[in-house]
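Just below is one structure, and these are the notes that go with it.
The values are calculated or read from the model by the stated rules, or taken from the named source; none is laboratory data. Bear in mind the structure is a predicted one, so any value in this text is a computation, not a measurement. Here the Cβ positions follow ideal geometry from the backbone for every residue, glycine too, while neighbour counts run over all protein chains shown. Just so you know, the surface numbers come from the protein's heavy atoms only, side chains and all, with ligands and any DNA or RNA stripped out. Shrake-Rupley method; radii C 1.70, N 1.55, O 1.52, S 1.80 Å.
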Amino acid sequence: RGYVLVWKRRFPAPAYGIFSTDINCDGANELVVVTLLGVHILQPNLAHVRAKLLRQLVLAAHQSESESGSEPNPKAGSEREAV
């Protein structure tokens, strides 16, 4: 799969470095852009991060259930919905 341009952002000065790291320890990487005039930190859309995390958790649960041979628990999903 490749990369796709999703948005553009202009900065008031030339960029010297671009880094992706989890600065605030929330589990999602922020984009750090260092320019001549300062450091800019761009956060991801947390709703998108939450949706991706929930999809990954459901996928992992299904894989775990199929490996153990147990039936899926329909009540397990109702607890997640309340979060």
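What are the residues in the range 30-45 that are among the polar types (S, T, N, Q) and either open to solvent by less than 80 Å² (accessible area, probe 1.4 Å) or touching a Phe, Trp or Tyr at 6+ places or on another chain (Cβ under 9 Å) (or both), if any? Explain how you work it out, then say what you get.
Filtering the range 30-45 down to residues among the polar types (S, T, N, Q) leaves 35, 43, 45.
Listed by number, the list holds a single entry, 35.
List the number of the failed condition for residue 44; all other conditions in (1) part of a strand (DSSP E or B); (2) within 10 Å of the chain's Cα centre (by Cα) hold.
The failed condition is (1).
Would you call residue 11 open to solvent by 70 Å² or more (accessible area, probe 1.4 Å) and modelled with pLDDT of 90 or more? Full working, then the answer.
Values: open to solvent by 70 Å² or more (accessible area, probe 1.4 Å): no; modelled with pLDDT of 90 or more: yes.
So residue 11 fails the test.
Here is a list of conditions, (1) at pLDDT 85 or above; (2) open to solvent by less than 90 Å² (accessible area, probe 1.4 Å); (3) within 18 Å of residue 7 (Cβ to Cβ); (4) among the aliphatic types (A, V, I, L, M), and residue 49 meets all of them except one; can you say which number that is?
Checking residue 49 against (1) at pLDDT 85 or above; (2) open to solvent by less than 90 Å² (accessible area, probe 1.4 Å); (3) within 18 Å of residue 7 (Cβ to Cβ); (4) among the aliphatic types (A, V, I, L, M), the one that fails is (1).
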